[in-house]
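First the structure, in the form of structure tokens, and then the observations on it.
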């Protein structure tokens, strides 16, 4: 009888512990929502909050103004690195970013799309001005010197490499030296309204629906 009573006591204690733990978790979740902090499990993209990279940039936009990430505080930022002669990945990413803004409706005013060229040699401000806003009028093209491009690529852990042939090879084949491809990473970075890197959407794991969902989470938290 004593063993049975002891067993019931342990079972009751375990139930009380589980109830208390569940209540504590619920309280923490409510508190996080009250503070405007979204639960990490709510994201569909890769959560990169707190990483020691992708902290910012200083580049020139397609109108000639110097820009930093701080200029866009108050907005969720979608950032993509590419080049205007890119045949597929770049127009696809910009089109997806434009679809995100369309799906957000009035909240699109709280989102900024940015395109950073990894090919500043060919992507002049004029070229960026005609190319980037064609996907969405609010989109901004950014470029830097070759050295600035290398520095920002390092900060964002971005791979890029121009597939240029040497001059003799071009001359032998009669090819123009400016017709080359650039290999580069094709993910989209997402920053919250405080300018902090929060999410990364790789090309093979993203969808417009997932980006819309995560942008809404960040906007709601703001």
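The values are calculated or read from the model by the stated rules, or taken from the named source; none is laboratory data. Model, not experiment: these values are computed from the prediction. Note that we place each Cβ from the backbone using ideal geometry, even for glycine, and neighbour counts take in every protein chain shown.
Descriptive notes on the structure:
- Within segment 181-196, the only residue that satisfies the criterion of being surrounded by fewer than 17 Cβ atoms within 10 Å (Cβ to Cβ) and in contact with a strand residue (DSSP E or B) (Cβ under 6 Å, 6 or more places away or on another chain) is 183.
- Given (1) free of Cβ contacts under 8 Å to residues at least 24 places away in the same chain; (2) buried (at least 16 other Cβ atoms within 10 Å of the Cβ), number of the condition residue 52 does not satisfy: (2)
- Residue in segment 97-105 that is in the same structural domain as residue 157 (by TED's automatic domain parsing) and closer than 18 Å to residue 153 by Cβ present: no
- Meets criteria (buried (at least 18 other Cβ atoms within 10 Å of the Cβ) and in a helix (DSSP H, G or I)) for residue 199: no
- When the residues of segment 127-165 are filtered to those that are surrounded by fewer than 18 Cβ atoms within 10 Å (Cβ to Cβ) and part of a loop (DSSP other than H, G, I, E, B), the one that is modelled with the lowest pLDDT is 165.
- Segment 81-126: number of residues that are within 13 Å of residue 61 (Cβ to Cβ) and not in a loop (DSSP other than H, G, I, E, B): 8
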